[in-house]
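The values are calculated or read from the model by the stated rules, or taken from the named source; none is laboratory data. Quantities reported herein were computed from a predicted structural model and do not represent experimental measurements. Glycine gets a Cβ as well: all are built from the backbone with ideal geometry, and neighbour counts include every protein chain shown. The protein model used for the area step is the full one, side chains on, heavy atoms only, and it has no ligands, DNA or RNA in it. Shrake-Rupley method; radii C 1.70, N 1.55, O 1.52, S 1.80 Å.
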Amino acid sequence: MTLLFRILWWLVAIAATCGGADHKIHAEKDWGSEEDLLKMTEHVERRKDPPTFPPVCEGTLRSRDCEEDVCQCSIFTSSSGHNGDKKKEATAGARIAYLVTVHNERTMGDAEYLFRAIRYPGNIILLHMDKKLDPSIYEKSSLKKLVEECPCGALVHVDSIYDCKWGSWSMNGPTHWAMDVLIHHPSFRNRWDVFLNLSGDTMPVLTPPKLAALFDPKSTSAPLRHTNFVTSSACVTGLIPTNIYAFPKWWHKRRAYTHAVGDLAIDYVDDDGNHQKTTLIIHFGSQWMSLQPDFVTYLVKSLQREDSLPSLFKKALIRSEVLMTDETFIPTLLMNVSPFNHTLPLITQDGSLESMPSLFSIRYERMDENVPSAFGYFPTQQRYDVADSSLADKPRQWGPYFVGVYDLQNILDSGALFVRKVSVHVDPNLVYMLPVDNPDVDLPAIQWPDEVKISKKPNWEALKASIIAEANEEKKRRKTNMNSRKMEFTKK
């Protein structure tokens, strides 16, 4: 074993030097004892796990391990603004009703961080678990414990209704279910001011009090009140849904809908019982939206009647079997139906919101970067990939892609209120940083370098095995050489 350890030390010494091909190794050099090498190995093995830090019980980088205020409900209600009156602050601003959709184990874990960031007195949180998800995963999850023990004044309801299949109408199911619950269930009816649907791998950029102030229907200075938002940063026309005729004829979104659906001439019965006729022009937006109660009420009640415009439009989309109906159904209705077509964002020439010039999109996400856009744009920045060892699912080639701290500059530039998709299994740093009170002050403007390449993840066990294997090979080679020399000497 002495020879093996000396060879091992020799190989480590070679790796630590900068010598070139002419660098000479002297066999008579003292390489150290076996005991020294064992100590070095044990030291490396002790440090293979990162150090742990004490729990953080203040600020947005909160820990679950704080002895006091285990639920940490006071984290968003103790800031200034109402002279420390938590009750007043908790009830100020818009009451936001959230739908959070969870479709696998990974998004359930990420949804725990989202839940912590949006639970707030006066808010409603509806959690929809995809039917494909094994119920036992939720039953054993820390999310369930958090929902039951630490809602922090929010009204929470959990259910599992739909098996959502990508590309089919079922993708609309959870959103329509949530709207129906908010309109009809006595626990939620008339107790909310704005409805937002979020994927479990979303994080808000702003804290609950700041979001509540922006949407406050009672404040004339609230820039987002009385406005319906149905786009994300991936929408080519910004805050306004995109008319399919704005795309080139060959573009897949236009081609699919014009061939399968076209301009829909629909005879329907309005809310007053009158027969009407209209032509709907398809518009693309996002499946993630922010909707006002009057539009939600109109849509829910209209879908209860077979002869209404929304019901007939829904049937036409289902018959056509077109994809992405969750990105076209509600945006198309908002763009074509009065008076709701007057509740869309008013934008300036540079595309920002007229009432909030720093805002260019409600949600920041990265999509469709696998090919040039319909208008020739092709991204120049890299994006996050998913490690083979990660619990995160690898995104489809067109996205949405995961975002992290390298995207912070773009997030700040967009003025977005929400970010998707984020995950502690891809870049936990961004998840831990959000939400904040003032993004321009509280978030660093980190952006993608011109190009970044990182090393493989350090793995001492694999490196040690490799070094030992090389040492054994060297031992065999020397033994073979020695035997060859003995044979040559014998022949002589």
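With the simple spin-label model, which puts each label point 7 Å out from Cα in the Cβ direction, the Y377 to E474 separation comes to 5.6 nm. Going by accessible surface with a 1.4 Å probe and the largest first, Y384, Y364 read Y384, Y364. D442 to A265: FRET efficiency via 1/(1 + (r/R0)^6), r the Cβ-Cβ distance, R0 51 Å, to the nearest 0.05? Taking R0 as 51 Å, the efficiency between D442 and A265 is 0.50.
Among rounded, prolate and oblate, which fits the range 103-245 when a ≥ b ≥ c are the square roots of the eigenvalues of its C-alpha gyration tensor, a/c under 1.5 means rounded, and a/b larger than b/c means prolate? Taking the square roots of the gyration eigenvalues as a ≥ b ≥ c, the range 103-245 is oblate. Determine the gain in length on full extension of the stretch I467-H184; use 0.36 nm per residue of separation and subtract their C-alpha separation, reporting nm with one decimal. Full-extension gain reported as 95.1 nm. When you filter the GluC sites (Glu not before Pro) in the range 340-443 for DSSP loop state and at most 14 other Cβ atoms inside 10 Å of their Cβ, you are left with E354.
The modelled label-to-label distance between D385 and I318, using points 7 Å beyond Cα along the C-beta direction, is 4.2 nm. Multiplying the residue separation of K165 and H226 by 0.36 nm and subtracting their alpha-carbon distance yields 18.7 nm. In loop segments of the range 133-180 as defined by DSSP, the trypsin sites (Lys or Arg not before Pro) with at most 13 further C-beta atoms inside 10 Å of their C-beta are K140, K165. Restricting the range 268-331 to trypsin sites (Lys or Arg not before Pro) that sit in a DSSP loop and have at most 10 other Cβ atoms within 10 Å of their own Cβ leaves nothing.
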